[in-house]
There are 2 protein chains.
Amino acid sequence: MSTDATETAPTAREWQLAARPNGWPQPSDFRLVERELGDLSPGEVRVRNTYISVDPYMRGRMDDVKSYTPPFQLDEAMTGGAVGEVVASRSDNLSVGDTVLHFYGWRDTVQADAAQFQKTPDIPGVPESVFLHVLGMTGLTAYYGLVDMAEIKPGDAVFISGAAGAVGTVAGQIARLKGASRVIGSAGSAEKVELLTSKYGFDAAFNYKDGDIVGQLRAAAPDGIDVYFDNVGGEHLEAAISAFNLGGRAAICGMISMYNSTEPPAAPRNLAQLIGKGLTLRGFVISRNMERFDAFAAEAGEWLSNGQLRYDETVVEGVDRAAEAFLDMLGGANVGKMLVRVG
Amino acid sequence: MSTDATETAPTAREWQLAARPNGWPQPSDFRLVERELGDLSPGEVRVRNTYISVDPYMRGRMDDVKSYTPPFQLDEAMTGGAVGEVVASRSDNLSVGDTVLHFYGWRDTVQADAAQFQKTPDIPGVPESVFLHVLGMTGLTAYYGLVDMAEIKPGDAVFISGAAGAVGTVAGQIARLKGASRVIGSAGSAEKVELLTSKYGFDAAFNYKDGDIVGQLRAAAPDGIDVYFDNVGGEHLEAAISAFNLGGRAAICGMISMYNSTEPPAAPRNLAQLIGKGLTLRGFVISRNMERFDAFAAEAGEWLSNGQLRYDETVVEGVDRAAEAFLDMLGGANVGKMLVRVG
């Protein structure tokens, strides 16, 4: 019991879902509220977030549809990946000053049972934000898709759609590190296309907003492709099926082209090629495949320490701009991982 | 050199491709011709066919499109599976009276190098026609699709489209023999639906011509499906994706609904479910997977001898009716394997 009557009660600013979008989300679908936090209960910690993550899959959680992650609830705080610092603790397992990874994003401060927070390992020269992308779920997504789903082999020609996004930039580099003969990416602006070849080691890249995805992919992969990492769906998937060599394998990670569509998408019109070419399409959700995390982290931690794995971050400052950052990310404004620094 | 001037020179009646169809093939796309066969060269045999096979994949060969089997050539004899009897031999490897399996269908008589013909094994109580279906490529297709592509496990609920066809009736029985918890089939008439449950041991079946495939499948598989054997594509594939449980696997064997379509197919519109449900779609062509034939034949030969594998044949009499039999088969007139008895 504090005897200082002037002490301010701790508060949190957190984003709530104000309305379910129809098609593209609007700023008015989100609401930032401030609320008082109670005292810590035994076993709890209070964490001040340093970075919070905004990701494409969150668009799906805005709809009231049963999926692999539960929908956000109207008028309740939204959640997502975040990294923060313990600022108060009533747990023996975490101390003030610890850096932790957790799922209470979309806010500046949270308090909850210490078991909900995972201390991050110390890797020399690696900033804490990477646990939200290249050394976290993002990196694991790229790794699992290529290694486990598409069963990448040395010599494969690999195509990655949405390649300048957080998952795509990691996937392109892992493909190269795993011995791909050729790595091709698509992205949505000339700047991103340039970045793929200049910074991330892609052999070829094209701007899908220029149209004729089939033609552009054929030009970039004259000998066809063996592996496709799909972040986009729709025409991209159709183009990949058309460019596949015999025995081609697609890891279906995302179909961002469809998330905001209010019309049922047209099917790839060439699915019958699955038969003649002996193709495999495998969809996956990384949260159900966490058993591969340790193998991934061991390999990726080494690549990162060796400087073999590069990344970009697009950082928006201030928890009050999280909704804006999310909308910008859906519109393709980010290069690499979109993050909000809470400050 | 025969001294008998009245001896008739041996002839063959064979079907040629007269025109490439646009959409559904017409009788006028085929032409039956008679031609003289020359004398046998050393190493050759002459075979009189007893049964010839007409199959859905032959529709694809009528188009001038590169695929897993080369297109039929205009004004040349068509080919396909057949079983016949050696009637003349200049080879040490085959004798007059041998029953042989080969690929010179669509005709009554053929002569060629003995290496093109394979002697059939003697299995007690098994007629020669089964080498063209349940104990041949048809049976292997069903087996390979379920076992190797869909990786069927005991307890799986299995859905087979076009289930009353040659591959489908075998697939349903193999699914049961491999421990499926529930086997569901679709077919194109009330008679076929009845046959699936009464003769082939399907737990449930429905007539897809009644419409609402999604609804009919959900009613037949209230707990969802784990494996889908696709012979039809289009709306059937969409319904299967919708009914799949987590981790569902589809073996894509055929898309007969699309073969005669001149419009791009509209379905499946729900491919994004591949991601959330972690689904796998694998297309295959059996001719590239013949290494599994011996394992299949050992298991299936035993099932057949034990009476655990039943089959139907729809037999059309006379080589002159082969085109008619083929067109009827495309239209769904057959029950089980469609064959032409040369007589």
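Quick check on my filter: what residues within segment B:54-64 are closer than 11 Å to residue B:20 by Cα and either assigned to a loop (DSSP other than H, G, I, E, B) or modelled with pLDDT under 90 (or both)?
Hits for segment B:54-64 are B:60, B:62, B:63, B:64.
Step by step: first the residues of segment A:207-237, then only those that are within 10 Å of chain B (Cβ to nearest Cβ) and either assigned to a helix (DSSP H, G or I) or among the charged types (D, E, K, R) (or both), then the one that is farthest from residue B:66 (Cα to Cα). Which residue is that?
Only one residue tops the list, namely A:230.
Checking residue B:154 against (1) assigned to a loop (DSSP other than H, G, I, E, B); (2) on the phi < 0 side of the Ramachandran plot; (3) under 19 Å from the mean Cα position of the chain (by Cα), which test does it fail?
(3)
Would you be able to say whether some residue in segment A:159-166 is closer than 25 Å to residue A:84 by Cβ and touching a residue at least 12 places away in the same chain (Cβ under 8 Å)?
yes
Does residue B:131 satisfy the condition of being over 30 Å from residue B:229 (Cβ atoms), out of contact with any Phe, Trp or Tyr (no Cβ under 8 Å at 6 or more places or on another chain) and either buried (at least 22 other Cβ atoms within 10 Å of the Cβ) or assigned by the TED database to the domain that holds residue B:187 (or both)?
When the stated conditions are applied, residue B:131 does not pass them.
When residues of segment A:215-239 are filtered for being closer than 14 Å to residue A:150 by Cβ and in contact with an Asp or Glu (Cβ under 7 Å, 6 or more places away or on another chain), how many remain?
The qualifying residues number 3.
Could you please tell me which pairs satisfy a Cβ distance under 8 Å, a separation of 6+ or placement on different chains, a first residue in segment B:180-200 that is among the basic types (Lys, Arg), and a second residue that is surrounded by fewer than 24 Cβ atoms within 10 Å (Cβ to Cβ)?
B:182/B:203; B:182/B:204; B:182/B:221; B:182/B:223; B:192/B:207; B:192/B:335; B:199/B:310; B:199/B:312
Need the failing condition index for residue B:87 against (1) in contact (Cβ under 8 Å) with a residue 60 or more places away in the chain; (2) assigned to a strand (DSSP E or B); (3) over 20 Å from residue B:123 (Cα atoms), just the number.
(1) is the only condition that residue B:87 fails.
Name every residue in segment A:73-83 that is in contact with a Leu (Cβ under 9 Å, 6 or more places away or on another chain) and free of Cβ contacts under 8 Å to residues at least 60 places away in the same chain, in order of residue number.
If the condition is that a residue be in contact with a Leu (Cβ under 9 Å, 6 or more places away or on another chain) and free of Cβ contacts under 8 Å to residues at least 60 places away in the same chain, then A:73, A:74, A:75, A:81, A:82, A:83 are the ones that fit.
Output the residues belonging to segment B:90-112 that are under 16 Å from residue B:44 (Cβ atoms) and assigned to a loop (DSSP other than H, G, I, E, B).
Those that are under 16 Å from residue B:44 (Cβ atoms) and assigned to a loop (DSSP other than H, G, I, E, B): B:90, B:91, B:92, B:93, B:94, B:95, B:96, B:98, B:103.
How many of the residues making up segment B:159-177 are within 12 Å of the chain's Cα centre (by Cα) and over 14 Å from residue B:251 (Cα atoms)?
Result for segment B:159-177: 5.
Consider residue B:195 carefully, then state whether it is more than 19 Å from the chain's Cα centre (by Cα) and under 21 Å from residue B:332 (Cβ atoms).
Considered against the rule, which asks whether it is more than 19 Å from the chain's Cα centre (by Cα) and under 21 Å from residue B:332 (Cβ atoms), residue B:195 comes out as no.
Can you go through A:304, A:274 and tell me which one is closer than 30 Å to residue B:236 by Cα and either buried (at least 22 other Cβ atoms within 10 Å of the Cβ) or not assigned by the TED database to the domain that holds residue A:51 (or both)?
A:274
I'd like to verify a number: residues in segment A:253-269 that are surrounded by fewer than 19 Cβ atoms within 10 Å (Cβ to Cβ) and modelled with pLDDT of 85 or more, how many?
Result for segment A:253-269: 1.
So if I check each of A:49, A:22, which one is assigned to a loop (DSSP other than H, G, I, E, B), among the polar types (S, T, N, Q) and more than 14 Å from chain B (Cβ to nearest Cβ)?
A:22
Go through segment B:60-87 and count every residue that is surrounded by fewer than 18 Cβ atoms within 10 Å (Cβ to Cβ), more than 14 Å from chain A (Cβ to nearest Cβ) and either within 17 Å of residue B:46 (Cα to Cα) or touching a Pro at 6+ places or on another chain (Cβ under 8 Å) (or both).
Residues that pass the stated criteria total 3.
Go through (1) under 19 Å from the mean Cα position of the chain (by Cα); (2) small (Gly, Ala, Ser); (3) closer than 20 Å to residue B:18 by Cβ for residue B:84 and report which single condition fails.
Just one mismatch for residue B:84, condition (3).
Between A:197, A:141, which is in a helix (DSSP H, G or I), within 24 Å of residue A:293 (Cβ to Cβ) and β-branched (Val, Ile, Thr)?
Matching residue, one of A:197, A:141: A:141.
Only one of these conditions is not met by residue A:6: (1) surrounded by 11 or more Cβ atoms within 10 Å (Cβ to Cβ); (2) assigned to a loop (DSSP other than H, G, I, E, B); (3) modelled with pLDDT under 95. Which number is it?
Answer for residue A:6: the failing condition is (1).
The values are calculated or read from the model by the stated rules, or taken from the named source; none is laboratory data. In this text the structure is predicted, and so the values were computed from the model without any measurement. No Cβ is skipped: glycine too gets one built from the backbone with ideal geometry, and neighbour counts run over all protein chains shown.
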